[in-house]
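Below is one structure, written out as structure tokens; the observations come after it.
The values are calculated or read from the model by the stated rules, or taken from the named source; none is laboratory data. Everything quoted here is computed from the prediction, not taken from an experiment. No Cβ is skipped: glycine too gets one built from the backbone with ideal geometry, and neighbour counts run over all protein chains shown. Note: accessible area is taken over every heavy atom of the protein model, side chains too, but ligands, DNA and RNA are not part of it. Shrake-Rupley method; radii C 1.70, N 1.55, O 1.52, S 1.80 Å.
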Amino acid sequence: MDVRWEEHGWERLGPGVGRVRLPGWDATVGLVAGERGALLYDTGSTLREGAGLRARTRALLGGRRVTHVALSHPHFDHVLGAAAFSGVAVYGAVGLAELLAGEAAGTAGSLYEEAVREGVPEAEAAEAVDLLVRPGHAVCGELTVDLGGGRRVVLANAGPGHTAHDLALLVPGVSGDPAVLFCGDLVEESGEPQAGPDAVPARWPAALDRLLALGGGDGTVYVPGHGAVVDAAFVRAQRDALAVRFGGSGAPS
């Protein structure tokens, strides 16, 4: 199944695959549609943003609902909209559920504090954290999810790097179209990769090597957590730059 993605405000990346770039922090939200299910990759920064994404996906898919949500990593602009998608299967890298279970509004270093510091109104940040959805499915290594109609996607625990819980999404190519790999914030195009206090910088280059191996070739479309889509050469260059910046291992170009 394919539809006119651009008419509904989505950027089409391949048959049944697209994304939106949310305002504010230019965060990517990906969508993969099969015949029986639809997987959303990340959920926005507030419940209001998540509800908007829910409406946009239903309009795009002719009234069908999202059935699966994958959370790329535990930062506010990627996870705080998740409660807008009740009753779906939620996936995260192993350890993410336990990390999110420990979140509490107002705790130093919490998602709440991060969101407010970045400009989310306090009431919206508190509501989103209070209703925070934790993954029920932990991904250790790789996990294939069947969305129906021959559409299978692969969730891969690609970190640590940007955080200790980085989850990538590979959509294999079909009918001659290239594969699409959603990278989360392991790859950033619209600015220098951000290494906060929860980053594991010395292991970040190796995480990008894992992404390159998962992508499987230069024809793959790599989708950063922020910014325009890139190719394998961009990912290799970012890996090399991170190795210089932080040290750590990574295969040389």
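Here are the numbers for the structure shown:
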quantity: Of all accessible heavy-atom area on the stretch 144-253, the percent that carbon and sulfur account for (1.4 Å); calculated: 54
quantity: FRET efficiency estimate (nearest 0.05) - Cβ-Cβ, ALA55 to ASP209, R0 51 angstrom; calculated: 0.85
quantity: Where the stretch 123-162 is the region considered: accessible area per residue in Å², 1.4 Å probe; calculated: 44
quantity: Added length on full extension, which subtracts the Cα-Cα distance from 0.36 nm per residue, GLU192 to ALA241; calculated: 16.6 nm
quantity: Extension gain (nm, one decimal) between GLU98 and PHE234, 0.36 nm per residue minus Cα-Cα; calculated: 45.6 nm
quantity: For the stretch 160-166, Karplus couplings with θ = phi - 60° (6.51, -1.76, 1.60), whole Hz, Gly/Pro x; calculated: x, x, 4, 9, 7, 9, 9
quantity: Value in Å of the Kirkwood radius, where the chain supplies the Cα pairs that are averaged; calculated: 17.9
quantity: Heavy-atom accessible surface of the stretch 1-71: percent carbon and sulfur, 1.4 Å; calculated: 49
quantity: Pair SER175, HIS8: separation of 7 Å Cα→Cβ label points (nm); calculated: 1.6
quantity: Inter-site label distance for ASP130 and ARG152 at 7 Å from Cα along Cβ, in nm; calculated: 4.3
quantity: Cβ-derived FRET efficiency at R0 25 Å, SER86 paired with ALA123, nearest 0.05; calculated: 0.75
quantity: Cut-off 10 Å between beta-carbons: net charge of the residues surrounding PRO178, Lys and Arg +1, Asp and Glu -1; calculated: -3
quantity: Helix runs (DSSP H) in the chain reaching 27 Å along axis by Cα, Kyte-Doolittle at least 0.5; calculated: none
quantity: MRE, 222 nm, helices only [DSSP H, n ≥ 4, -39500 (n - 2.57), over the chain, to nearest 500]; calculated: -7500 deg cm²/dmol
quantity: At q = 0.08, 0.09, 0.15, 0.20 Å⁻¹, base-10 log of I(q)/I(0) for the stretch 1-141 (Debye sum, equal scatterers on each alpha carbon); calculated: -0.20, -0.25, -0.70, -1.16
